[in-house]
Amino acid sequence: MATTQQEPKAEQAGSNAAFLPMLDMVGVMNDMTSMTMKIMQGYRNLATLKDEDIAVGSTPRELVFEQDGIKLYRYVQENTITCKTPVLVCYALVNKEYLLDLQPDRSYVKNLLQNGHDVYIIDWGYPTRANRYRTVDDYIDIYLNDCVDAVRRDAGVDKITLMGVCQGGTLSIIYTALYPHKIKNLVTLITPVDFSTNDGTLFAWAKYMDPNPVADVGNVSGDTMNNGFLMVKPMQRIDKFHAFANMMDDKAKMTNFLRMERWIFDSPSQAGECYRKFISELYLKNSLVKNELEIGGRTVNLQDITMPVLTVYAKQDHIVPPSSTKPLNDLVGSKDKEMIEFPGGHAGVFVSSQTQKMLAPAVSKWLHNHD
Amino acid sequence: MANNNVFADMFTMQMNMMKNMTNAANSMANAAPMFNAMATNPFMSFMNAAFTNNPFMNAMNTSANAPAAENPMNQMFSLFDTWKNLYNSWASAMGKMPPMPIEGMLNMFPNTAASDAFNQMTTMASSYFKLFEFWTPLMQAIQEREFNEETFRAIVDPEQYNRLLNSMFNYVSPEMMQQFTNQLTNLVKTYGESLQHGGADVSEMMQQSMHAMSLIQAGKTDEATKIYVDMADKAQKTFTPLVRMVFIGKDRTALELMQELLKHYVVFSAQYSRLQQYTSSVGQKAMYEAMRQVTEMNKSGNPPKSFDEFFKIWVRTNEQTFDELFKTEEYGRLQGEMQTSSMKIREYSDKLMELAMSDIPVATRSELDEAYKSLQTLKRQVRTLERKLDEQSEVIAELRGGQVNGKANGASVSTASGAAPKATKTVKRKEV
């Protein structure tokens, strides 16, 4: 675009050059034309897109166990298993677990398989109104406990590696403190532990939330959850779709982008009672780090976690800031503990091209050393 | 783009754009089988609205054939106005999309990711073009005189900028809020009529809330607060005598529910208006900051080279400014309170609806909820008992020197506190 940087001269008044230093009128119009065309092209491309163009979770897996709409899968291992302790991935109740297997060239799970691990994963399903009375206690003592036992049975081992992601990491920490005899290693990724932090906007907002009126009317819809996450960075949504308009002619880039969008908007509802306890006990009372959280009539004491612990966090995570994740290693009773920082944001740490060659190999190396 | 014949270039560009857009529209029409049902297809209706019979395309033709003006600067500004109208019309066409609203169009996309992306792109496009409309006079002001806060305030149209912010934040439009208010009014009025208590003043009261919202957005908070107080007072005066008159039964329950519903509605309306006011004032602060940065860039001889560049500056500035607002205690508290009042509205309208349907011989939501609660309690108890039984079986097996219950893949599994779920009953295997 042509833009001169000269000051307008009086003698040029009336000519086009008079206002070119500030405004390249044609250039601006060109921008508008170009953007309109891109958007219309974008609409056309979107309208003709097929489901298979943006398929997710393509790594083959087998159903091992199912209960109340919750499914446990084992990934098909085509390579030799070099790490004999199976890994159970416990994802968050918010959003879906296929973030870890978004597409073949951006798959944390696939990378773990290629590094010789036996990988299981929990799909928490989509709670309906009939599930509104599920509690955090149920998720720990029934569903996660049964999944852990199913992995132990299926793999034929006494102890497993429990790998929790985000809120699934918090559940994994609670579980491990209550059932340490079943867990050989605990790995947490981008996991909130200390909820007193003010670094993340969500954490700041949660301090003024009353979960009771929300849980009183039923489940918390996925849309409500999503709106909360999107509101944290309202301009990001506009900015990224502005960038998206510029990549519409590249099908690979467009479908990569849309896979991520598919994941973002695939948000299950949260069981009302689980939400009530999670917000009130963890966000408002911060009871986990105070060793005051009660599950099934027992107090969760982080000092009961004595097995090796690996904590992974993302440096630019604005959903779960590092200040919430990092305190774990100081709170557990383990002597063997390690912390790894990765570049990227909350979900980006799993899907960015930069971390594909870093995250899974680093975790795998640690797991092999603790097998 | 060459500068020596700016009008010729512009007209050529416009003609090309029109041609390309027509081609794009035709391509879209031929692209997917879903476009075949033209008569009933909302997407096609949208395309027709956007490309053929709308002021946008007419204006395109008009501007392309416009006679050359004597004064190029006037002509340029006039063309700018035309362009502003073009994009206004375009955005308007996007918003209208007769005969089906955007929700209907979204259903036409083959998968939800595409549909969501369409929705998001529409939001982005709306912001992009609205910003352009807003930005044009500001840029002219920067060019013509010293840009400062006073100039900015003189030029800025707060309502126009609020529309831009509302589109960014997906706030409910005044029209939708009016619709919601009307529905709530009808619900309460219907009840009032059925109870022969008239639902007096309710309709007027609800309309007042809309007025109060507009006052808050215009910065007249004191005036709006008076209205909200008046509304709360009216709600109390309307229902309290009625509740006293009706001692018992369904009528009394309905009146009490209506009273609660209206109380929370008043609170929610006031909070929602305040939230929008925050957004509006912070958004304008961000706009001012963006313009200040652009002015500085201009002074240093390095102005934005395109609208896209300005758009990015504006996005970055807003991100930073809103981030500061979001982290304040005041904003967090307001958002939390608003969530509570909105949930209360839902709770009481659910109860009111349930009461209205209580004579119909179907299970109510509350009754089903009771069943769900019992079911979850039973599941919990059954699973706990199963585990205890399994533990006892293991102990017995160990005492007998046999193998433990859990055995898979040839390896024994000692389960110290609770056995694994039984494969014979629950484990399924299949290719996924």
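The values are calculated or read from the model by the stated rules, or taken from the named source; none is laboratory data. Because the structure is a prediction, the values reported are computed rather than measured. A quick note on method: Cβ atoms are made from the backbone with ideal geometry, for glycine too, and the neighbour counts reach across all protein chains shown. These area figures cover heavy atoms from the full protein model, side chains too; ligands, DNA and RNA do not enter into them. Shrake-Rupley method; radii C 1.70, N 1.55, O 1.52, S 1.80 Å.
In order along region A:100-109, the phi-based Karplus estimate (6.51 cos²θ - 1.76 cosθ + 1.60, θ = phi - 60°) of 3J(HN,Hα) comes to 7, 9, 5, 7, x, 8, 9, 10, 5, 4 Hz; Gly and Pro are listed as x. Less than 5 angstrom separates the built amide H of A:R298 from none of the residues sequence-distant by 5 or more or on a different chain.
Here the sum of -39500 (n - 2.57) over DSSP H runs of 4 or more residues, divided by the residues of chain A, equals -10500 deg cm²/dmol at 222 nm, to the nearest 500.
Largest to smallest in accessible area, the residues B:I360, A:I305 fall in the order B:I360, A:I305 (1.4 Å probe, all protein chains included). What a 1.4 Å probe finds exposed on region A:59-115 is 43% carbon and sulfur by accessible area, rounded to a whole percent.
What total accessible area, in Å², is buried where chains B and A meet, using a 1.4 Å probe and rounding to the nearest 100? Let's see the in-between values first.
Working: alone 26480 and 17520 Å², together 33920 Å².
That pair of chains buries around 10100 Å² in total.
DSSP finds beta bridges in chain A, and of those with both partners inside it, around 40 percent are antiparallel.
Derived scalar couplings between HN and Hα for region A:141-147 equal 6, 9, 6, 5, 4, 5, 5 Hz in order, rounded to whole Hz, by the Karplus curve 6.51 cos²θ - 1.76 cosθ + 1.60 (θ = phi - 60°), x for Gly and Pro.
How many percent of DSSP beta bridges within region A:244-342 run antiparallel, rounded to 5?
Details: 2 of 8 bridges.
Restricted to region A:244-342, the bridges split so that about 25 percent are antiparallel.
Spatial offset of region A:36-102 relative to region A:189-216 amounts to 27 Å, using the alpha carbon center of each. Compute the accessible area of each residue in region A:136-170 twice, once for its chain alone and once with every protein chain present, using a 1.4 Å probe on heavy atoms, and list those whose area falls by at least 30 Å². Flagged in region A:136-170: A:D138, A:I142, A:D146, A:D149, A:R152, A:R153, A:D154, A:G156, A:D158. Here region A:196-238 has 46 percent of its accessible surface on carbon and sulfur atoms, given a 1.4 Å probe and all protein chains in place.
For chain A, the relative contact order comes to 20 percent (Cα pairs under 8 Å, sequence separation of at least 6).
With the other protein chains left in place, how much accessible area per residue, in square angstrom, belongs to chain A at a 1.4 angstrom probe? Could you put the intermediate results ahead of the total?
Numbers: 12290 Å² over 371 residues.
Per-residue accessible area for chain A comes out at 33 Å².
Measuring heavy-atom accessible area with a 1.4 angstrom probe and counting protein chains only, the residues of region B:295-323 that give up at least 20 Å² relative to the chain alone are B:N298, B:G301, B:P303, B:K305, B:S306, B:F307, B:D308, B:F311, B:K312, B:V315, B:E319, B:D323.
Database remark: amide H of A:I340 closer than 5 angstrom to the amide H of A:T311, A:V312, A:Y313 (H placed geometrically; neighbours at sequence offset of 5 or more, or on other chains; Pro and chain starts carry no H). Residues of region A:186-209 that bury at least 50 Å² of accessible area when the other protein chains are present, relative to the chain alone (probe 1.4 Å, heavy atoms, ligands and nucleic acids excluded): A:W205, A:Y208. For region A:77-116, trypsin sites (Lys or Arg not before Pro) are listed when DSSP marks them as loop and at most 14 other Cβ atoms sit within 10 Å of their Cβ; the list is A:K84.
A 20 angstrom limit on the alpha carbon distance is what I want to check against. Which of A:K84/A:K315; A:K240/A:K326; A:K84/A:K365; A:K233/B:K285 exceed it? Where the Cα-Cα span goes over 20 Å, the pairs concerned are A:K84/A:K315; A:K240/A:K326. Counting only protein heavy atoms and a 1.4 Å probe, region B:349-399 has 70 square angstrom of accessible area per residue. Amide H to amide H, with H built 1.01 Å from N, A:V187 comes under 5 Å of A:L162, A:M163, A:G164, A:L310, counting only residues 5 or more places away or on other chains. Shown in residue order for region A:260-268 are the 3J(HN,Hα) couplings computed by the Karplus curve 6.51 cos²θ - 1.76 cosθ + 1.60 at θ = phi - 60°: 5, 4, 4, 5, 4, 8, 8, 10, x Hz (x for Gly and Pro).
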